[in-house]
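A quick write-up on the structure given underneath.
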Amino acid sequence: MRLKNEALDDIQGIITSGYGHLPQAAYLFVMMSNAEGARRWLARLSTSITSSRRWTVDGDSRKPRVAVNVGITAEGLRASGLSADVLRTFPLEFQDGITAPERSRILGDTGASAPDEWEIGGPRTDPVHAMLLLFAADETALTEICSLHRDMLESSDGVGELPGSMQRGYRPETAAEPFGFHDGIAQPRIAGLGGDGVPTGEFILGYENHYGLMPPTPVVPRELDSASFLPRLASPYHATKDLGDLGRHGSYLVYRKLQQDVAGFWQFMAREAARGGSTDPARIVWLASKCVGRWPSGAPLILAPDRDDPRLAERDDFFYADDPDGVRCPLGAHVRRTNPRDALKPYPSEQSLSMTESHRLLRRGRAFGPPLFDARVLGDASGQDLLKTLTGLTDDGQQRGVHFFCINASLKSQFEFVQQAWCDNPRFGGLNDNMDPLTGTPCPAETPSRMTIPESQGSLRTQPLPRFVTVRAGAYCFVPSLTALRFLGGGAGALLHPGLEH
Ligand code: HEM
């Protein structure tokens, strides 16, 4: 079913767009100290949220120069006075929050990636109640929109920005993440936006998901929404009850600040090439690309197994089933794990395609920090300059990485499943001791993770992989519809659990 304009007006823009035309981003972390003030801020904010409606002026499509979206954590909903009875209708993993010990176990957030070590959102830092996601066409527009929202926060009672927490993100001109690989290529298409695609309910609450079911949605009993502000829940599971649907047109957002050790990554690849007797820079880049599953240009290894081919950079229309042993694209490569497409073992292609459809993620990440090197050098894999660059990289002490964001209707069966069952699973695809080389789970010394790279004669196995990525911050957010945001802003009046305030 195609999403109607009324629906697009209600769905936050970050769900349906990566704002590719707005390369600059800032993320503000908000704490609420008083429910009434928090609700007033949410109500004010609801008037400046960018929806999913496509911009047309006199029939022309005009893209805006800024976009504003908001995500609210479970603690934030509580702090804004949402009734505990309503909060309990959210999925458990969201209620727990990303730092709960059971979530950390699932996500592999231990050691240097443990929430205790986080800069933002961990148990040792102030709680994050909401995240403002600001996007802009250039620095000037970003500064303006940031000041506007900081002023709004400052002038609102009961809410404030966490001191020193603002994060900057950007989409580099090269489109390369800090290791130097073209990022932001493969994305699921939402069926409701037209054409073929993944069922809308995988990303937006209130629509059928892969199983032909409505994803679970948080609900509000009639007495807390006496004005029927929210749409009535149309669900066979609640047929006899009169409930407001708080989730409709909303979704869930995962935030992870992932710091990358770029020098460590390339030094490892150079060491591994040297161990195999090669100092050829093309070999170093080949090894790194085998870990990613795409070449630096973005060309998928499955289509370009021997060398980079920038003409294939944007391709997303490929499958793995005719490469069952991973000779072209290793089974453990990052992109093959995070979306195994038609080759999820041991299932036949069609079943695999169907099963993977329920574990897709809409990625909305941005890079942060200054690049350690110019990713364009990777385009010249034969040059001596490249060799000098790659072997000469040393850490400069600056933080860099990606602000990883993804949208999904189920944190548990999408993000958490992908991280746990595919990325961190040493036996993924019949492997034995291979975890995802990129996604950052630390491996205990007694069970090191390696990369297995099958070649036509035998397999190459690397030395144990050091950790290249460390989690530095995180949050699970609800991305309410505009209607739900107005409701949370007190639009319906009787939102509070009796006795919570006054
Ligand atoms: C710093 C950490 C990470 C880096 C450097 C990284 C890098 C990349 C790159 C270069 C690609 C290929 C380009 C593209 O298709 O857009 C990619 C694809 C992808 N990544 Fe990551 N990634 C990171 C973390 C993660 C995490 C934590 C997840 C989820 C748990 C994830 C999920 C995906 C998915 C779903 C794809 C698309 C696969 C496909 O559909 O073919 N990534 N990533």
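The values are calculated or read from the model by the stated rules, or taken from the named source; none is laboratory data. Owing to the predicted nature of the structure, the values given are computational and were not obtained by experimental measurement. Ideal geometry is used to build each Cβ from the backbone, glycine not excepted, and the neighbour counts take in all protein chains shown. All accessible areas refer to the heavy atoms of the entire protein, side chains included, with ligands and DNA or RNA removed. Shrake-Rupley method; radii C 1.70, N 1.55, O 1.52, S 1.80 Å.
Hey, if we sort 459, 48 by accessible area with the 1.4 Å probe, largest down, what's the order? Intermediate results must be reported in sequence, preceding the final value.
Working: 459 75, 48 35 Å².
Order by accessible area, largest first: 459, 48.
Just to check, using Stokes-Einstein with a Kirkwood Rh over alpha carbon pairs, what's the diffusion coefficient of segment 89-200 at 20 °C and 1.002 mPa s in µm²/s?
Working: Rh = 17.9 Å.
It comes out at roughly 119 µm²/s.
For all pairs of alpha-carbon atoms in segment 336-479, what percent lies in each bin of width 5 Å, listed from the first bin to the last filled one?
2, 8, 13, 16, 17, 18, 14, 8, 3, 1
Heavy-atom accessible area of residue 207 with all protein chains present, probe 1.4 Å, nearest 10 Å²?
20
Find the accessible area per residue for the chain; the probe is 1.4 Å, ligands and nucleic acids are left out, and the unit is Å².
Details: 20960 Å² over 502 residues.
Per-residue accessible area for the chain comes out at 42 Å².
Using only protein heavy atoms and a 1.4 Å probe, report how much of residue 352 is accessible, in Å² to the nearest 10.
0
Heads up, I need the accessible area for residue 355: 1.4 angstrom probe, whole protein in place, Å², nearest 10.
60
Would you kindly compute the Cα radius of gyration of segment 18-102 and its largest Cα-Cα separation (Dmax), both in Å?
Final numbers for Rg and Dmax: 16.6, 53 Å.
Mind jotting down the distance between the C-alpha centroids of segment 109-144 and segment 1-78, whole Å?
Computed from Cα coordinates, the inter-centre distance equals 17 Å.
Considering just Cα atoms, how many Å³ per residue does the convex hull of segment 289-389 enclose? All intermediate terms of the calculation are to be shown ahead of the outcome.
Working: hull volume 11.6 nm³, N = 101.
Cα convex hull per residue, to the nearest whole number: 115 Å³.
I need the peptides 364-372, 193-201 ranked by packing, meaning the mean over residues of other C-beta atoms within 10 angstrom, with the highest value on top.
Numbers: 364-372: 20.7, 193-201: 16.1.
The most tightly packed comes first, giving 364-372, 193-201.
Take the Cβ-Cβ distance between residue 420 and residue 385 as r, set R0 to 51 Å, and report the resulting FRET efficiency rounded to the nearest 0.05. All intermediate terms of the calculation are to be shown ahead of the outcome.
Numbers: r = 41 Å, r/R0 = 0.80.
Once the sixth-power term is evaluated, E becomes 0.80.
Need one number: convex hull volume per residue for segment 450-492, Cα atoms only, in Å³. Mind dumping the intermediate values first?
Working: hull volume 5.4 nm³, N = 43.
Taking only Cα atoms, segment 450-492 has a hull volume of 125 Å³ per residue.
Determine the alpha carbon to alpha carbon distance for each of 4/345; 257/290; 290/412; 345/412 and list only those over 31 Å.
Working: 4/345 38 Å; 257/290 24 Å; 290/412 29 Å; 345/412 21 Å.
Over 31 Å apart, Cα to Cα: 4/345.
Take the Cβ-Cβ distance between residue 226 and residue 279 as r, set R0 to 56 Å, and report the resulting FRET efficiency rounded to the nearest 0.05. Mind showing how you got there, number by number?
Details: r = 74 Å, r/R0 = 1.32.
Efficiency at R0 = 56 Å is approximately 0.15.
Run the accessible area of segment 107-207 with a 1.4 Å probe and give the carbon-and-sulfur part as a rounded percent. Kindly include the intermediate steps, with their values, before the conclusion.
Working: 1890 of 4020 Å².
Within segment 107-207, the accessible surface is 47 percent carbon and sulfur.
Nearest 500 deg cm²/dmol is fine: what mean residue ellipticity at 222 nm does the chain get from its DSSP H runs of n ≥ 4 alone, each adding -39,500 (n - 2.57), divided by its residue count? Each step should come with its number before you reach the end.
Numbers: 14 runs with 112 residues, N = 502.
Result for the chain: -6000 deg cm²/dmol, rounded to the nearest 500.
Alpha carbons only, please: Rg and Dmax for segment 387-470, in angstrom.
15.7, 45
Which three extents, in whole angstrom, do the alpha-carbon atoms of the chain cover along their principal axes, largest first?
If we take the Cα atoms of the chain, the spans are 73, 55, 47 Å.
Taking all protein chains together and a probe of 1.4 Å, list 280, 395, 424 from the most accessible to the least accessible.
Working: 280 75, 395 95, 424 25 Å².
The residues order as 395, 280, 424, largest area first.
Whole percent per 5 Å bin, from 0 to the bin with the longest distance: what is P(r) over all C-alpha pairs of segment 1-159?
Distribution as computed: 2, 8, 14, 17, 18, 17, 14, 7, 3, 1, 0, 0 percent.
Under the 0.36 nm per residue contour assumption, what length would be gained going from the current alpha-carbon distance of residue 208 and residue 350 to full extension?
Details: separation 142, 0.36 × 142 = 51.12 nm, distance 2.03 nm.
This chain segment gains 49.1 nm when fully extended.
Pop a pseudo-label 7 angstrom from the Cα along the beta-carbon direction at both residue 321 and residue 193 and give the gap in nm to one decimal.
Distance between the two pseudo-spin positions: 2.7 nm.
Report the per residue volume, in Å³, of the convex hull enclosing the C-alpha atoms of segment 117-267.
Details: hull volume 33.4 nm³, N = 151.
Taking only Cα atoms, segment 117-267 has a hull volume of 221 Å³ per residue.
Report, please, the projected area of segment 136-219 averaged over directions, based on the convex hull of its C-alpha atoms, in nm². Mind dumping the intermediate values first?
Numbers: hull surface 39.6 nm².
Mean orientational projected area (segment 136-219, Cα hull): 9.9 nm².
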